[in-house]
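Single-structure report; data block below.
The values are calculated or read from the model by the stated rules, or taken from the named source; none is laboratory data. Small disclaimer: the values here were computed from a predicted structure and weren't measured. No Cβ is skipped: glycine too gets one built from the backbone with ideal geometry, and neighbour counts run over all protein chains shown.
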Amino acid sequence: MWNQDKSTTLSLICTRIIFAAVCIAAFFVPRITDFFIFRGTVEAHGRTQVIGSIYVCLVIGAIVMYFLDRLLANIRCGEIFIPGNVSLLRRISWACFIICIPCLVITLYCKIFFFIVLTAAFLGLVLRVVKNVIEQAVAIKEENDFTV
């Protein structure tokens, strides 16, 4: 039977797989960029800027995967409504907003990246809302802990 613990474990495994994929992708960025230049998707004169921006995105993505791993590990241990999780959600949401900057640079040479900018900004906004909800839940939990 599928339960909450199995779901959290699956999310943790997927996070670690994506982290590994981000690390492996770093080795292939120049080749992938050259492929898209060849296909005409990326403008050739922006090759260096695109590669540099993608590396920045990969670093931010790896950091997000680390924060997500810590968040899921806390949830797995039963520590859900704690200030540390609020902090992790805050960091992840800011990372989503920050990743928009290198993606905007890539947009100058590959227009399709504009949708990635919009998606990252939207995800950052959604995470801010979730962070605010969890922050209020932490405050209520702490108040209830002092009441009892």
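A few points about this structure:
- Subset of segment 120-137 (residues that are farther than 19 Å from F67 by Cα and surrounded by 14 or more Cβ atoms within 10 Å (Cβ to Cβ)): A137
Yes/no matrix, rows are residues, columns are (1) out of contact with any helix residue (DSSP H, G or I) (no Cβ under 7 Å at 6 or more places or on another chain); (2) within 30 Å of C110 (Cα to Cα); (3) of a type in the set (K, R):
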residue: I32; (1), (2), (3): yes, yes, no
residue: G40; (1), (2), (3): yes, yes, no
residue: V56; (1), (2), (3): no, yes, no
residue: F67; (1), (2), (3): no, yes, no
residue: L71; (1), (2), (3): no, no, no
residue: I75; (1), (2), (3): no, no, no
residue: I82; (1), (2), (3): no, no, no
residue: L88; (1), (2), (3): no, no, no
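- The listed residue being hydrophobic (A, V, I, L, M, F, W, C), assigned to a helix (DSSP H, G or I) and within 23 Å of A137 (Cα to Cα), out of L10, L104, L58, L72: L72
- In segment 113-136, the residues that are aromatic (F, W, Y) form Cβ pairs under 6 Å with partners that are surrounded by 12 or more Cβ atoms within 10 Å (Cβ to Cβ), at six or more places apart or across chains, as follows: F113/C103; F113/I106; F113/T107; F114/T107.
- Residue within segment 46-68 that is over 24 Å from the mean Cα position of the chain (by Cα), over 29 Å from L10 (Cβ atoms), surrounded by 15 or more Cβ atoms within 10 Å (Cβ to Cβ) and not charged (D, E, K, R) present: yes
- Residue among G46, G52 that alone is out of contact with any Cys (no Cβ under 7 Å at 6 or more places or on another chain), among the small types (G, A, S) and farther than 23 Å from I63 by Cα: G46
- Per-region count, segment 119-148, residues under 16 Å from N85 (Cβ atoms) and touching a helix residue (DSSP H, G or I) at 6+ places or on another chain (Cβ under 7 Å): 7
- Count of residues meeting criterion [of a type in the set (S, T, Y) and in contact (Cβ under 8 Å) with a residue 60 or more places away in the chain] in segment 99-112: 1
- Verdict on V42 being at pLDDT 95 or above and surrounded by 14 or more Cβ atoms within 10 Å (Cβ to Cβ): no
- The residue list I112, I106 contains one member that is under 24 Å from I24 (Cβ atoms) and surrounded by fewer than 13 Cβ atoms within 10 Å (Cβ to Cβ), which is I112.
- Comparison of S87, S53, S93 shows that the only residue that is in contact (Cβ under 8 Å) with a residue 12 or more places away in the chain and either within 26 Å of K141 (Cβ to Cβ) or among the aromatic types (F, W, Y) (or both) is S93.
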